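See below for the structure under consideration.
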Ligand code: KG4
Ligand code: ZN
């Protein structure tokens, strides 16, 4: 990437990771993350007030560290980008407040951007000194984390992102977290269920695949629902207790994981077929799931779909992807956000930039 590519700092605080990244164009110069997941673990899920307070404490050291790692000063920046939504309102406010203060004092343009489009941008970033990765658009993108389960059709990062479907209830990661709690396993649920599933039989119990019945295909072809699955696991546990039978946790965990993975991959590949786009990008913390990656890899190859999975530290919430989106917007000549913009916890994915 040339030295004339925009140097952008990005701030992410939509959930429980405080992320600050610095990019020059598509090259990641720094990607520093502080997580409050250990504090959240005591409560078995993300508590918004705790997340907001943790962001306040982590923001300044994370920012200083990111500038130090990147080897740049605030005065060198061409622009600042910040997640304006979607996410937890109180958590978002900390990031937006910090970004505004920086932008005003340093006299830099500020871009309030969409978190989900940031996840898609992660696919175009490359490590310092590494070769640039080719931009592969249009693409279908499946974003799965503790906060979102969204299926997108991305033709252009800056101005053409379409929501194909999303979860109607729990996010995929949330389903892992809640099911882990039902099974008495620790938070975060994804890794605990993975560990428990290691010696389980994924075909032991046929748990429901939400919104895949023929009657759902018309209205909810690309939407997801995990609440029925969670209830089915709860009923299974209750029945085992009532019968005095030992609960085969490994089988329950493996069968649950199989149901989630099956629905995610089936719908994502259906979206590729229906839109005629032979590319699928995965993003979000649930991508840490080995079974998801394996099933997606296998079935994408069989369907002639090229699968892209960014490095894991760019899949989870991070500041580099937000900085990367800011750089795309600067390059496209987009006008910065107005100084009075606020956070939008339900910002629609079609809105890449807050005016
Ligand atoms: O993207 P992420 O770090 O940010 C938030 O949404 O905050 O995603 C965290 C989510 C949690 O719900 C966690 O249970 C899930 O990702 N997760 C996993 C795995 N590792 C983390 N889900 C399934 N399998 C995993 N191995
Ligand atoms: Zn996210």
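Just so you know, all these numbers are worked out from the coordinates, no wet-lab data involved. Given the structure is predicted, the values throughout are model-derived calculations rather than measurements. Backbone-built Cβ (ideal geometry, glycine too); neighbour counts: all protein chains shown.
Remarks
- Kirkwood Rh and Cα Rg combined as Rg/Rh, segment 1-62: 1.13
- Rounded to the nearest 10 degrees, the angle from helix 290-303 to the longest Cα principal axis of the chain is 90 degrees.
- The spacing between segment 289-355 and segment 20-71, judged by their C-alpha centroids, is 17 Å.
- Taken along its three principal axes, the alpha carbon spread of segment 289-355 comes to 48, 25, 21 Å, from the longest extent down to the shortest.
- Cα gyration tensor shape for segment 42-165, rounded if a/c is under 1.5, else prolate or oblate: oblate
- Choice from 140, 305, 161 with maximal GNM fluctuation in the chain (Cα, 10 Å cutoff): 305
- The residues 315, 15, when put in order of fewest to most other Cβ atoms within 10 Å, stand as 315, 15.
- Principal-axis tilt of helix 319-331 within the chain, Cα atoms, nearest 10 degrees: 50 degrees
- Segment 114-239: C-alpha pair distances exceeding 24 Å, %: 43 percent
- Proportion of all alpha-carbon pairs of segment 142-185 beyond 17 Å (%): 44 percent
- Nearest 10 degrees, 0 to 90: helix 227-242 Cα axis against the chain principal axis: 40 degrees
- Helix-only [θ]222 nm of the chain, DSSP H runs n ≥ 4, -39500 (n - 2.57) each, per residue, nearest 500: -13500 deg cm²/dmol
- Centre separation in Å (Cα based) which lies between segment 162-176 and segment 200-236: 13 Å
- Dividing the Cα radius of gyration of the chain by its Kirkwood radius returns 0.99 for Rg/Rh.
- The label-point distance for residue 231 and residue 38, in a model that sets each label 7 Å from Cα toward Cβ, rounds to 3.9 nm.
- Compared with the rule-of-thumb size 2.2 N^0.38 Å for a compact globular protein, segment 191-311 has a Cα radius of gyration ratio of 1.16.
- Three semi-axes of the equivalent ellipsoid, segment 169-225, Cα gyration tensor, whole Å, largest first: 25, 15, 8
- Taking 96, 237, 352 and counting other C-beta atoms within 10 Å, the order from fewest to most: 237, 96, 352
- Computed from the C-beta positions of residue 132 and residue 218 and an R0 of 51 Å, the FRET efficiency is 0.75 to the nearest 0.05.
- Residue exposure proxy: 220, 55, ordered by other Cβ atoms within 10 angstrom of their Cβ from fewest to most, comes out as 220, 55.
- For the chain, DSSP calls about 60 percent of its internal beta bridges antiparallel.
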